[in-house]
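The values are calculated or read from the model by the stated rules, or taken from the named source; none is laboratory data. Just so it is clear, the model here is predicted, and its values are computed rather than measured. For neighbour counting, all protein chains shown are included, and Cβ atoms are generated from backbone atoms with ideal geometry for every residue, glycine included. Protein only, heavy atoms only, side chains kept; ligands, DNA and RNA dropped before computing areas. Shrake-Rupley method; radii C 1.70, N 1.55, O 1.52, S 1.80 Å.
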Protein chains: 2
Amino acid sequence: MTKFEIKDEDYFELADFFSAFSDSTRLKILVNLLKGEKTVTEICNLTGISQSAISHQLTKLRIMKLVKGTKSGKFTYYTLDDEHIETIINYSLAHIMEL
Amino acid sequence: MTKFEIKDEDYFELADFFSAFSDSTRLKILVNLLKGEKTVTEICNLTGISQSAISHQLTKLRIMKLVKGTKSGKFTYYTLDDEHIETIINYSLAHIMEL
DNA sequence: TATACATATGAATATATGCTCATATGTTCA
DNA sequence: TGAACATATGAGCATATATTCATATGTATA
């Protein structure tokens, strides 16, 4: 049971948070980053999704503070920037597996 | 760490699952149902959202098997139909409160 | 230095989504 | 029975979203 008051703006913030996980491309990116740091090209190869689409989604994930990108030479190394991602994805994955 | 293989279709299913939580109206409905069974009109009054909008979103939540509606006379009593909802919402709520 | 590689990003487009409005269906009760 | 109430749903509309295509920027290397 939710024990505290949830303000109207909290619902929008919460909806935005869940939106980050509501797209298969972003989920694929996040799941791949669970295994460790990756460059954009590596994520493209692992997912089979175009460079542009991956880059656009990484930008969104960066804005949402879920991933972090570190530039080094011609590469940008991406890592997860939020410790809750793994728990939420694994919990929800276990959930849909039950169905 | 995710220990098993995630199939391509699983990503779409997972994205659909998160989509259920990615709208403030649906979140408001779900949070209100955490407190127990409610009729459509009660949810409208508690949220200040129109009957039509609530009914449309309840239909979506029903299709996604997150809520269940039981007709009795002129009322339809809605309840949560998935034990994971409370955990996921509370965990994510705690998360955004940290920011 | 010229070329290939790595990444980011704007514009255009197609599709999805959520709301309102109107209305249909069914129930209760005076 | 007729009016008020409760809910569901289709159509239309406005907005959001994801992708592709083209291109810009920066780096490495032959």
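From B:Glu42, B:Glu9, B:Glu13, grab the single residue that is open to solvent by 30 Å² or more (accessible area, probe 1.4 Å), assigned to a helix (DSSP H, G or I) and within 8 Å of chain A (Cβ to nearest Cβ).
B:Glu13
Go through the range B:27-39 and give me each residue that's open to solvent by 30 Å² or more (accessible area, probe 1.4 Å) and facing another protein chain (nearest Cβ under 8 Å).
Of everything in the range B:27-39, just one residue is open to solvent by 30 Å² or more (accessible area, probe 1.4 Å) and facing another protein chain (nearest Cβ under 8 Å), namely B:Lys35.
Here are the criteria: (1) outside any strand (DSSP E or B); (2) more than 7 Å from chain B (Cβ to nearest Cβ); (3) surrounded by 13 or more Cβ atoms within 10 Å (Cβ to Cβ). Tell me which single one A:Met97 does not satisfy.
(3)
Being within 12 Å of another protein chain (Cβ to nearest Cβ) and open to solvent by less than 70 Å² (accessible area, probe 1.4 Å) is the filter; apply it to the range A:65-80 and report the residue that is nearest to B:Phe4 (Cα to Cα). Spell out how you get there, then give the answer.
Filtering the range A:65-80 for residues within 12 Å of another protein chain (Cβ to nearest Cβ) gives A:65-66, A:80.
If we keep only those that are open to solvent by less than 70 Å² (accessible area, probe 1.4 Å) as well, we get A:66, A:80.
On the way: A:Leu66: 22, A:Leu80: 19 Å.
The extreme case among them is A:Leu80.
Step by step: first the residues of the range B:45-61, then only those that are under 11 Å from the mean Cα position of the chain (by Cα) and touching a residue at least 12 places away in the same chain (Cβ under 8 Å), then the one that is most open to solvent (accessible area, probe 1.4 Å). Which residue is that?
Going through the qualifying residues, I end up with B:Lys60.
Condition check ((1) of a type outside the set (D, E, K, R); (2) at pLDDT 95 or above; (3) in contact with a strand residue (DSSP E or B) (Cβ under 6 Å, 6 or more places away or on another chain)) across all residues:
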residue	(1), (2), (3)
A:Leu34	yes, yes, no
A:Thr39	yes, yes, yes
A:Ala53	yes, yes, no
A:Lys60	no, yes, no
A:Tyr77	yes, yes, yes
A:Glu98	no, no, no
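Restricted to the range B:16-26, and to residues that are surrounded by 18 or more Cβ atoms within 10 Å (Cβ to Cβ) and facing chain A (nearest Cβ under 7 Å), which residue is nearest to B:Lys65 (Cα to Cα)?
The first filter runs over the range B:16-26 and keeps only residues surrounded by 18 or more Cβ atoms within 10 Å (Cβ to Cβ), leaving B:17-18, B:20-26.
The next check asks that each one be facing chain A (nearest Cβ under 7 Å); those that pass are B:17-18, B:21-24.
Values: B:Phe17: 10, B:Phe18: 13, B:Phe21: 13, B:Ser22: 16, B:Asp23: 16, B:Ser24: 18 Å.
So, considering only residues that are surrounded by 18 or more Cβ atoms within 10 Å (Cβ to Cβ) and facing chain A (nearest Cβ under 7 Å), the one nearest to B:Lys65 (Cα to Cα) is B:Phe17.
Take the range B:47-94 and flag every residue that is part of a loop (DSSP other than H, G, I, E, B), within 8 Å of DNA strand C (Cβ to nearest atom) and more than 21 Å from A:Phe18 (Cβ to Cβ).
Result: B:Ser50, B:Gly73, B:Lys74.
Inside the range B:16-31, can you point out the residues that are within 14 Å of DNA strand C (Cβ to nearest atom) and assigned to a helix (DSSP H, G or I)?
B:Asp16, B:Phe17, B:Phe18, B:Ser19, B:Ser24, B:Thr25, B:Arg26, B:Leu27, B:Lys28, B:Ile29, B:Leu30
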